[in-house]
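Only one structure is covered here, and it is reproduced in the block below.
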Amino acid sequence: MAAQIIDGKALAARVKAEVRAEAEQLRAAGTYPCLAVLLVGDDPASAVYVAGKERDCAECGIESRMLRLPADTTQAQLLCHLARLAADDGVHGILVQLPLPAQIDPQRVIAAIPPQKDVDGFTPVNMGRLLTGQPCFVPCTPAGCLAMLQSTGLSPAGRRAVVVGRSNIVGKPMAALLLAQDATVTVCHSKTQGLAELCAEAEILVAAVGRAGFITGEMVRPGAAVIDVGINRSPGGRLCGDVDFAPAAQKAAFISPVPGGVGLMTRAMLMKNTLRAARMARQV
Ligand code: GUN
């Protein structure tokens, strides 16, 4: 059996087209959706991601305010920028690109983002709301993964889902989302014993490990839906995910590719969250 490829590019294009149309309506009504992005230091991957967000904003009719700050920026200086953006009614979404340089405590910084502008969904308030099933900003990567899963028509209800990775950005919120969809969720990580066997039982497998080829073909259950969150470089320098794609695609029913998968959906979901923040700001 060869899996059906989940086309992240097409899905993301659809989401962004919807955002663009709604942003136009908002602008016509006098609200100009605006996202502020703070990048501290010169991590090359972060620079690429932030440039992508800038392009997405332009494409969606969302204003972007990019603050590129030097690597020796202090935590106090960053908090000062955040306080200014928090108080600015013209800014609807605020995103601080991670990772931050060592002198800055990311939790302290994230907590300084007003929950109503937290389009990453990383603040304790939004995380807590997600866990307790209240309306919130859902972190963009897991939101994108769920949309991809939903595009297959497969319902998570009652199914065994395995999330490999327990980060605050992906693994934990992904588990919460799947649980909210009534899946039976197992979260695996570096200390998990029998990880391969657990994965091989998963009807839904989400890989967010950060290691090329970590999920082998044997770890994929026949007929599974496999969502690959990894963005890695193969030894040959090619962009690849966490899943050994060709053998996994032989066994899965649905699989997301890298590139052309979750990464594009993450970016589209950020646009969706920013639009929502702008819409919400009109209603207060
Ligand atoms: N770094 C890697 N992924 C993300 C993300 O989704 N949001 C932010 N702010 N930083 C990241």
Give me the one-decimal nm value for the distance between modelled label points at residue 107 and residue 216, 7 Å along each residue's Cα-to-Cβ direction. 3.7
Under Stokes-Einstein, with the Kirkwood radius over Cα pairs standing in for Rh, what whole-number D in µm²/s applies to segment 17-133 at 37 °C and 0.692 mPa s? 219
Per 0.36 nm of contour for each residue apart, how much would the distance between residue 55 and residue 233 grow if the chain were fully extended, relative to their Cα-Cα spacing? 61.8 nm
So, relative contact order of segment 92-166 in percent, Cα under 8 Å, 6 or more apart, is 20
If I take every Cα pair under 8 Å that is 6 or more residues apart in the chain, average their sequence separation and divide by the length, what percent do I get for the relative contact order? 24
Just to confirm, what accessible area per residue do you get for segment 26-152 at 1.4 Å probe, in whole Å²? 43
So if I restrict to the alpha-carbon atoms in segment 82-238, what is the Rg, and what is Dmax, the biggest pairwise distance, in Å? 17.1, 52
Rounded to the nearest 500, what is the chain's calculated 222 nm mean residue ellipticity when only DSSP H runs of at least 4 contribute -39500 (n - 2.57) each, over all residues? -13000 deg cm²/dmol
Over segment 125-262, with every protein chain in place, what whole percent of the accessible area is carbon and sulfur at 1.4 Å, could you tell me? 54
To the nearest 0.05, the calculated FRET efficiency linking residue 32 and residue 184 through their beta-carbon distance, R0 being 51 Å, is 0.70
Can you compute the radius of gyration and Dmax for the chain, using only the Cα atoms, both in Å? 18.9, 56
At 1.4 Å probe size, with every protein chain present, just tell me what the per residue accessible area of segment 172-284 comes to in Å². 45
Could you calculate the FRET efficiency of residue 17 with residue 89 from 1/(1 + (r/R0)^6), where r is the beta carbon distance between them and R0 is 30 Å, rounded to 0.05? 0.60
What is the spin-label model distance, in nm, from residue 134 to residue 77 if the labels are put 7 Å beyond Cα along the C-beta direction? 3.6
Scoring segment 83-135 by relative contact order with C-alpha pairs under 8 Å, at least six apart, yields a percentage of 31
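The values are calculated or read from the model by the stated rules, or taken from the named source; none is laboratory data. Note that this is a predicted model, so its numbers are computed, not measured. Virtual Cβ from ideal backbone geometry, glycine too; neighbours counted across all protein chains shown. Just so you know, the surface numbers come from the protein's heavy atoms only, side chains and all, with ligands and any DNA or RNA stripped out. Shrake-Rupley method; radii C 1.70, N 1.55, O 1.52, S 1.80 Å.
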